[in-house]
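Each remark here refers to the structure printed beneath this line.
The values are calculated or read from the model by the stated rules, or taken from the named source; none is laboratory data. All values derive from a computational prediction rather than experimental measurement. Cβ: placed from backbone, ideal geometry, glycine included. Neighbour counts: every protein chain shown.
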Amino acid sequence: MLISIPYSFVRERLKLSWRDALWGYEHQMIGWSAVVDLATDRLCAGSNDPLEIELAGLTKMETFQVGELLRELANASPEEDSAIAQRKWLYLSLAWLFENKASIPDPLEGVESIYADFDYPPEVESFVRYMPVTDGYDPSAHTKDENENRLFEKWREYLVVAESEFNR
């Protein structure tokens, strides 16, 4: 269930590096226009990098150039662990799903899909329905609604922790 996330949503939550943007772009979580918008944001913040200027000026007819320019910018950026970029996109995916859960028939199924898509990260286990409980909570002593509300609360707690980690 890798989902395309609007750049406006990303911009509100995280400052992406070019390596982060490349990971999201290569995994189809952001599209070419989001990459162009990121370059435009960099220019508005005072950058005069020729690659960012070129990227910010691309039109829909030139989308074939986005990946190449993005790779050049990412390769010129400081080396980062790709696992960090992946964790940022995990957070963004789960935050997007959480914020839009009212319009999704089964948001917890979406969590399960994201959990699988990101190769079963342990930080998500506590709010995946089919995972065993590890904190002493007894699901059999509660209603289905109570159990689901607990999962939503665990999900919310994950988002708070992840947001604070990435926005230091």
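Numbers at a glance
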{"quantity": "When residues of segment 1-59 are limited to those that are among the hydroxyl-bearing types (Ser, Thr, Tyr) and more than 30 Å from VAL161 (Cβ to Cβ), the one surrounded by the fewest Cβ atoms within 10 Å (Cβ to Cβ)", "calculated": "THR59"}
{"quantity": "Lone qualifier among LYS101, LYS60 - being out of contact with any strand residue (DSSP E or B) (no Cβ under 6 Å at 6 or more places or on another chain) and not assigned by TED's automatic domain parsing to the domain that holds THR40", "calculated": "LYS101"}
{"quantity": "Residue in segment 137-160 that is touching a Gly at 6+ places or on another chain (Cβ under 6 Å) and closer than 30 Å to LEU38 by Cα present", "calculated": "no"}
{"quantity": "Qualifying residues in segment 121-145 (those that are exposed (fewer than 12 other Cβ atoms within 10 Å of the Cβ) and of a type in the set (Asp, Glu)) - the one modelled with the lowest pLDDT", "calculated": "ASP135"}
{"quantity": "Residue that is nearest to the chain's Cα centre (by Cα) [pool: residues in segment 1-26 that are of a type in the set (Gly, Ala, Ser) and in a helix (DSSP H, G or I)]", "calculated": "GLY24"}
{"quantity": "Answer from LEU159, LEU151 - the residue that is within 22 Å of ARG13 (Cα to Cα), aliphatic (A, V, I, L, M) and modelled with pLDDT of 95 or more", "calculated": "LEU159"}
{"quantity": "Subset of segment 109-138 that is of a type in the set (Phe, Trp, Tyr) and in a loop (DSSP other than H, G, I, E, B) - its residue that is farthest from ARG87 (Cα to Cα)", "calculated": "TYR137"}
{"quantity": "Check on GLU148, under 16 Å from LEU97 (Cα atoms) and either touching a strand residue (DSSP E or B) at 6+ places or on another chain (Cβ under 6 Å) or surrounded by 14 or more Cβ atoms within 10 Å (Cβ to Cβ) (or both)", "calculated": "yes"}
{"quantity": "Meets criteria (within 27 Å of ALA83 (Cα to Cα), at pLDDT 95 or above and either hydrophobic (A, V, I, L, M, F, W, C) or touching a Ser or Thr at 6+ places or on another chain (Cβ under 6 Å) (or both)) for LEU22", "calculated": "yes"}
{"quantity": "Residue in segment 63-82 that is outside any helix (DSSP H, G or I) and surrounded by 15 or more Cβ atoms within 10 Å (Cβ to Cβ) present", "calculated": "no"}
{"quantity": "Pair list, Cβ < 6 Å and 6+ apart or interchain, from segment 142-168 residues that are hydrophobic (A, V, I, L, M, F, W, C) to residues that are assigned to a loop (DSSP other than H, G, I, E, B)", "calculated": "PHE166/LEU14"}
